[in-house]
Structure formats: structure tokens, C-alpha cells
1. Report, ordered by chain and residue number, the lysines lying within cross-link reach of residue 59, taken as a straight Cα distance under 16 Å and ignoring same-chain residues fewer than 8 apart.
2. Based on the mean of other beta carbon atoms within 10 Å per residue, what is the order of 86-92, 5-11, most packed first?
3. Once phi is turned into θ = phi - 60°, what whole-Hz ³J(HN,Hα) does the Karplus curve with 6.51, -1.76 and 1.60 give for every residue of segment 26-36, x standing for Gly and Pro?
4. Just to confirm the filter: which chymotrypsin sites (Phe, Trp or Tyr not before Pro) across segment 20-67 are DSSP coil and have at most 14 other Cβ within 10 angstrom of their Cβ?
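Nothing in this text is a laboratory measurement; each read-out follows from the coordinates by a stated rule. Note that the structure is a prediction, hence the values are computed from the model and not measured. Reconstructed Cβ throughout: ideal geometry from the backbone, glycine too, with neighbour counts over all protein chains shown.
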Amino acid sequence: MTTKWSDLLGENLIEANARQDSIIYRHVPISELDNKVVGIYFSAHWCGPCRNFTPKLAKCYEEVQSELQDRFEIVFVSSDQDEKSFDEYFQTMPWKAMPFSGSSNAFINQTISLLR
């Protein structure tokens, strides 16, 4: 069974462009993941160990991106409970994200059922 990225993550991802006092999201088509190695990063602003790990992952991501010439991508799936926390945390990440929807529980349940 083959599962398409759109079945798991939806049709669009977002990228953040931090401005002086706001964040502007750019929607990117899920097709940007085609022919790439993709890591799904489940994390949340409220998770201290996650926040400590994220800068290390970002450094590794940048190194792998340069070595693989953009054939690698990470997608952030948030477990944050509110959009403000999501925004604050996501702006520290250099990769794409699944748009904030209030909870990743639906995504997790859907993913598990698709993989069975």
C-alpha cells in the first residue's frame, strides 16, 4: 500500500517568514515533498526537552540540506494547544510545518489507521 503525503499532511504546508513584530506564513504545495527524504517532527512549545532538542535538529537539518542539495525535508507537526504557542515555537524552525489546527491528535489517529 502506498500512502501519499497529502493523505497524511493535507494539500499544503506552511513556511514562516518572521518580520519585526509578526509572522507571515507562506503556503507551499505538498508536492514540494515529492522525491525527498522526509522526517516528521512531532513537538510542542510546552515540551522542555523538545525545545532543547529543536536547535540541535535545526543545525543537523541545515547540514543535511546542504549535503543532499535540498532532497531532504522535515515537517513539524505541533502538539501545541493554542496558535500563539505554535507561532512562537515554529518561528525558531527552518523547515516546513503542517498548518496549526488546534491539535495533532486527529493527524496521529489518521496516520496510525493508514499504516495498519
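1. Counting by Cα, and skipping residues close in sequence, residue 59 has these lysines nearby: 96.
2. Going from most to least packed, we get 86-92, 5-11.
3. Here the 3J(HN,Hα) series is 10, 7, 10, x, 4, 4, 5, 8, 4, 6, 10 Hz.
4. On the way: sites: 25, 41, 42, 46, 53, 61; in loops: 46.
Here the chymotrypsin sites (Phe, Trp or Tyr not before Pro) that fit, given the DSSP loop and packing criteria, are 46.
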